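None of the figures in this text is laboratory data; all of them are computed from the coordinates on show. Everything numeric here is computed off the predicted structure, so don't read it as measured data. Every residue, glycine among them, receives a Cβ derived from its backbone with ideal geometry; neighbour counts consider all protein chains shown.
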Amino acid sequence: MADFETRQIHAGAVVDAQTSARVTPIYQTAGYVFSDFDDGEERFAGRSTMRAYSRNENPTNQVAGRRLADLEGGVDGIVVASGQAAIAAALFSLARAGDHILATSSLYEGTREMFRGALQRQGLDVEYVADDADEAEWASRITDRTKAVYTETIPNPLNQVVDLERLAGIAHRAGVPLVVDSTVATPYLCRPIEWGADIVIHSTSKWLAGHGAVIGGAVIDGGTFDWAANADRFPHLADAPRPGVPSYVERFGAGAYLGYLRTVTVLEYGPTVPPTSTFLLLHGIETLSLRMDKHIRNAQEIAEWLAGRPELAAVHYPGLPGDPFHERAQKYLPLGPGSIVSIDLAGGREATRRFIDALELVTPMTHIGDVRTLAIHLGSTIHAKLTEQERRDAGITPGLVRLSIGLESARDVIADLERGLVAAGA
């Protein structure tokens, strides 16, 4: 197998047959011409390798899905309209109304909001367990309705590195897949499938695209879960949908889950990402390793500088030796624990107001994974809908600020952060 740096440029690429264009073209089309009557029938029956419509697949998008699957070590992948769409599509391809998902409690608040909002209204029950709860606690929460264990590689914003290998064992002993949102890690820093995950999700809007210009998401099938052996829990994948029609396991083999997600969930819900956005995503992926190396160098230098500042009550970054997740990060993230550095200003909300308003280079906005360094106060924005006690329980203190470290000169970012901290402490 070629090295990561080579595959991020070449994996999944198909040279355009008509023009021989080297760069993957933007196939801006809603549909595809049938060669004859029988061809149309075969495409709609799923017996043709040719596509029928762009709602669930497009040649530009297909390259991106295959490239991400290759980088993650999966068998197949698909890109969709956003990270939230990827989460919804991934879970609704496993579960139906009345089913149960078991999740780690450290999840990003935007995901938790969707779980208790749209997904709950559609009948999915999500229950949370402390990330490091013992195995007996996890096992006691799994029922016949449980269809997945769900987690994140590096939960945003507090960077609690999750023990993926342990969770994979818990999930598999229960006969359910481990689903991992690995947005913050990217496949360059961690490939969850190598640690036992079965399905990987990304918000491609972040480091994969890298420039804050597009929204998108992706679902990658590891091809590792035995759906046939767990047919009672997943009959929609393992059993024939009707007499004479093969099951998804029979049709797609190791890629049965992604085959169902593409031909049923995405086709019916239609969370289609424009190929123009995917074109930019592909260009971002081509430089992923180069950018991530710089993101990590900057984050480490800036976190070390922040750790000595008297205006701060805490710095959350697993790259720091004193961080509670430093040792686990060495195992799962040897190239670096991402580029989110969260800081807790000792002066609370008002100190944070002065800090944010004094910044000149660092951009105050909601996003992560940009080439630019970004800052946001969590309690007044992403976590604002929670009660004060709920925020405290989630570790969201009044002075918590999330920094997404970009690619500028670290010295210049530090100078701007110092400007903000001086203002905060005034």
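Straight Cα distances below 17 angstrom link LYS206 to the aspartates and glutamates GLU72, GLU109, GLU152, ASP181, GLU286, ASP293, ASP370, GLU408, with same-chain residues fewer than 8 positions distant left out. Once you order the gyration tensor axes a ≥ b ≥ c over the Cα atoms, which shape class does segment 102-210 get: rounded for a/c under 1.5, otherwise prolate or oblate by comparing a/b with b/c? Here segment 102-210 falls in the oblate category.
Per-residue 3J(HN,Hα) values for segment 398-405, derived from phi via the Karplus relation 6.51 cos²θ - 1.76 cosθ + 1.60 with θ = phi - 60°, read x, x, 7, 10, 9, 10, 9, 7 Hz in sequence order (x marks Gly and Pro). Does segment 249-354 come out rounded, prolate or oblate by the C-alpha gyration tensor, with a ≥ b ≥ c the root eigenvalues, rounded set by a/c under 1.5 and, if not, prolate when a/b is larger than b/c and oblate if not? Note, shape of segment 249-354 comes out prolate. Computed packing ranks the peptides 127-139, 168-180 as 168-180, 127-139, most packed first, by mean other Cβ atoms within 10 Å.
For segment 4-284, a/c is not less than 1.5, where a ≥ b ≥ c are the root eigenvalues of the C-alpha gyration tensor, and a/b does not top b/c. That puts it in the oblate class.
Peptides 379-387, 143-151, 406-414 ordered by packing proxy, namely the average of other Cβ atoms within 10 Å per residue, highest first: 143-151, 406-414, 379-387.
Looking at the chain as a GNM with Cα springs under 10 Å, which of THR352, THR186, THR366 has the largest mean-square fluctuation? It is THR366.
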